[in-house]
1. Where nothing but the Cβ of Lys and Arg (+1) and of Asp and Glu (-1) is charged, how large is the charge dipole of the protein assembly as shown around its Cα centre, in debye to the nearest 20?
2. Taking 8 Å as the Cα distance limit and 6 or more residues as the minimum spacing, I'd like the relative contact order of the stretch A:106-263 as a percentage.
3. Mind checking which of B:203, B:370, B:265 is farthest towards the positive end of chain B's charge dipole, using Cβ charges of +1 (Lys, Arg) and -1 (Asp, Glu) about the Cα centre?
4. Just order B:140-149, A:388-397, A:86-95 by mean Cβ neighbour count inside 10 Å, highest at the front, would you?
5. Can you give the mean number of other chain Cβ atoms that lie within 10 Å of the Cβ atoms in peptide A:45-52?
6. Have a look at A:387, A:17, A:354 and report the one farthest towards the positive end of the charge dipole of chain A, computed about the Cα centre with Cβ charges (Lys/Arg +1, Asp/Glu -1).
7. For residue B:154 and residue A:193, FRET efficiency with R0 = 25 Å and r from the beta-carbon atoms, rounded to 0.05?
8. Please give the calculated 222 nm ellipticity per residue for chain A, where each DSSP H segment of at least 4 residues contributes -39500 (n - 2.57) and the sum is spread over every residue; nearest 500 deg cm²/dmol?
Number of protein chains: 2
Amino acid sequence: MGNDLLARRARLLGPNVPTFYARPVEIVRGQGSSLFDADGQRYLDAYNNVAHCGHCHPRIVKAICEQAATLNTHTRYLHEGILDYAEALLGKFGFDGQLLMTCTGSEANDVALRMAQAVTGKRGFIATDNTYHGNTTAVAHLSTRRPPIGGWPDHIRRVPAPDSLAPLGGSLEAQPEAFAANVAQAIAELEESGHGFAGFMLCPIFANEGMPGIAPGFLDQTVEVIRRAGGLILCDEVQPGFGRIGSHFWGHEWLGFTPDVVTMGKPMGNGHPVAGLVAKPDVMAAFREAFGYFNTFGGNPVSVAAAMETLRVIEDEGLQENAAQVGDYLLQRLRELSHPLIAEARGLGFFLGIELAQDGEPASEAAGRIVEAMRERHVLMGRVGRAQHILKIRPPMVFNRADADEMLEKLAQSFEELPA
Amino acid sequence: MGNDLLARRARLLGPNVPTFYARPVEIVRGQGSSLFDADGQRYLDAYNNVAHCGHCHPRIVKAICEQAATLNTHTRYLHEGILDYAEALLGKFGFDGQLLMTCTGSEANDVALRMAQAVTGKRGFIATDNTYHGNTTAVAHLSTRRPPIGGWPDHIRRVPAPDSLAPLGGSLEAQPEAFAANVAQAIAELEESGHGFAGFMLCPIFANEGMPGIAPGFLDQTVEVIRRAGGLILCDEVQPGFGRIGSHFWGHEWLGFTPDVVTMGKPMGNGHPVAGLVAKPDVMAAFREAFGYFNTFGGNPVSVAAAMETLRVIEDEGLQENAAQVGDYLLQRLRELSHPLIAEARGLGFFLGIELAQDGEPASEAAGRIVEAMRERHVLMGRVGRAQHILKIRPPMVFNRADADEMLEKLAQSFEELPA
């Protein structure tokens with residue numbers, strides 16, 4: 001079965017199309033926090049942040065169906081749907097904003113970069129050296145995963161990501177100031193190069209960096225440096241947003257700063273391809289003045305219906321509170337896990353990580369073995385971090401206490417199998 | 001009503017968000033070739049190429065609903081849906097290809113550019129000087145609509161678009177060779193600049209250029225020039241594809257050449273945000289080797305279900321044949337329209353244009369007046385071309401003879417009102 005599918009896949013889609021796991025899983029059905037394979041076997045989903053309200057949430061499916069049967073067209077005609085959604089979404093922000101809708105988080109980040117360019121008239125950007133913000137050409141330049149053809153562009157500068165095992169400045173206490181100093185230096189280099197400094201794009205919980213050693217206030221000095229230089233703070237909320245971190249609806253609220261642009265994606269429509277960004281009105285106006293942006297599918301009534309119902313379900317079902325409560329429980333129990341390779345368990349709500357290390361060095365291979373062992377036990381999770389040495393637990397927001405217990409039990413078993 | 005909506009829109013979405021028409025239309029419902037406003041008034045849709053099989057086609061709505069209720073997740077798990085679709089879609093091509101799925105045509109074109117870079121190891125691109133291929137940063141650089149912040153990038157070179165009123169080389173006969181000569185010169189310039197030549201991105205019916213004075217074989221000399229230089233031909237089928245031109249399923253088949261990459265978008269899922277590209281296997285392999293591309297929503301089972309049912313409906317309902325027959329009828333009747341400003345009516349299937357000119361100069365204002373007059377008569381159409389002087393008729397593929405007659409009658413009335 002799996003081998004036939006893999007061969008057919010390689011023939012029709014080409015080589016190197018990414019899959020999860022040494023033995024990839026064929027999934028045919030989803031419900032809540034469960035996924036089912038072709039043989040009807042259940043997998044516990046502790047990974048997917050797209051099916052935010054649970055796989056195939058009936059209310060969201062119904063909203064999509066009803067609107068798809070009524071109207072699906074572009075925003076060059078007027079429609080109340082996008083306005084009602086904008087009103088509801090903007091109400092979730094602590095600052096005045098306006099909404100632009102796209103289809104993917106990558107598209108949203110691609111627009112955010114141009115917003116900063118429109119406001120500042122400059123081209124240069126800063127990102128951390130261990131990040132990922134999406135897959136368009138311009139956004140992929142922020143990532144260090146693979147060099148573009150022709151080499152890295154000169155208008156992107158990278159600052160060292162915060163780290164837990166080896167904190168910047170030598171200690172967790174010194175890390176915020178050291179981070180800000182590196183940002184100041186990158187700004188100076190960009191100004192000197194002639195590109196100038198347009199903005200800093202970051203995830204406010206440094207999710208892809210593995211949430212290393214950060215706490216509220218971490219960015220305070222950095223924000224001051226950026227403001228003083230006239231640059232914009234582009235806040236990628238694709239991972240922390242929509243209540244995932246439990247204590248707050250957005251990551252930037254938790255960290256304690258006000259961004260100029262907030263981008264969002266994956267969970268926004270519970271799997272429907274909808275994404276967008278919220279920008280301060282002067283930023284939006286500058287962008288709309290400088291660029292003639294139009295996105296054919298962006299903000300269509302069906303995508304908006306999916307997004308609106310997702311927002312309502314998060315509220316009606318108390319999913320942010322669930323992430324806070326079950327997430328807290330999970331984190332406590334993860335901290336009780338005992339194994340010599342576990343350096344730290346940490347996290348916020350339903351974004352949790354277990355950093356594995358040996359003699360202070362990332363234990364990447366062991367992290368890979370745990371992920372595979374969990375897959376064989378039918379629990380789906382992933383890993384993250386500079387060396388892919390941090391186990392990543394990021395379940396749908398409906399993950400309940402029983403799900404947590406099942407995962408914890410199997411995780412303990414998987415660690416027991418692991419050589420010390 | 002409209003004014004309140006516009007004010008609310010400006011408040012929530014910001015200024016300069018594009019709309020159609022001096023008096024924008026609020027659309028609340030769609031069915032087949034009809035759109036309905038909030039007062040229940042019907043508009044004939046002669047513009048939307050996204051609702052390819054007609055607005056809210058019940059079979060496609062059903063396919064979306066059923067799959068959305070079953071599973072919607074990413075392609076890192078295996079799923080037969082994308083493979084079945086790939087097989088069906090690739091069967092529509094006259095060459096061996098492999099499929100990569102995205103959410104928008106812009107994303108597909110953004111990937112296509114990187115495919116050419118991966119194959120050639122070079123960075124330079126050519127496009128016509130009156131084109132549009134999408135809205136990501138990298139793809140928007142191909143368009144001349146607005147300059148990027150920091151100025152036009154040096155690795156993009158533009159060649160003069162073909163033209164009807166003022167053909168390249170002085171005549172329609174000389175135009176193909178003159179076009180190819182300009183491409184050869186642009187390639188030489190790119191090589192000299194150090195960027196090198198990666199590829200030429202074009203629409204095979206030059207849709208945004210207004211389909212000016214081209215016929216099968218038009219690109220033969222250009223293709224030879226490109227091949228000799230080792231560059232790729234990136235064929236943007238977002239507008240001509242999926243049978244719209246009537247005589248062929250793809251624009252490149254009509255023009256008579258084999259591209260290296262074909263991109264597609266708008267009509268692919270009848271409005272669902274799905275897009276993709278088909279590339280020759282060696283091109284796909286080079287891309288997958290050079291770039292670690294993953295698109296979260298791309299190729300998800302719901303998007304694939306929408307695309308699959310769209311493909312089936314095109315075949316089952318004979319929509320390509322309908323475009324050929326009703327399109328032919330429309331073109332004949334458009335050619336009988338008599339007005340001093342009509343320079344030429346031309347087109348293929350359901351992509352038709354009426355070029356307006358006065359003393360050999362584009363009659364842009366008159367074209368605008370016709371579009372507005374038609375909107376007041378409840379027929380939705382647009383315009384295109386270097387000076388927005390070409391009326392664009394591009395209806396859903398279910399547009400029937402009665403729709404055509406209604407449009408023709410109202411078009412005749414609108415021209416009668418126009419000062420000569």
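No value in this document is a laboratory result; all are computed from the given coordinates. Quantities reported herein were computed from a predicted structural model and do not represent experimental measurements. Because the Cβ atoms are built from the backbone with ideal geometry, glycine has one as well, and the counts that use them run over all protein chains shown.
1. 40
2. On the way: 283 pairs, mean separation 38.4, N = 158.
RCO, the stretch A:106-263: 24 percent.
3. Of the options given, the answer is B:265.
4. Going by the mean number of other Cβ atoms within 10 Å, highest first, we get A:388-397, B:140-149, A:86-95.
5. For this peptide, the per-residue mean of nearby foreign Cβ atoms is 2.
6. Farthest along the dipole direction, towards plus: A:17.
7. Here the calculated transfer efficiency is 0.95.
8. -12000 deg cm²/dmol
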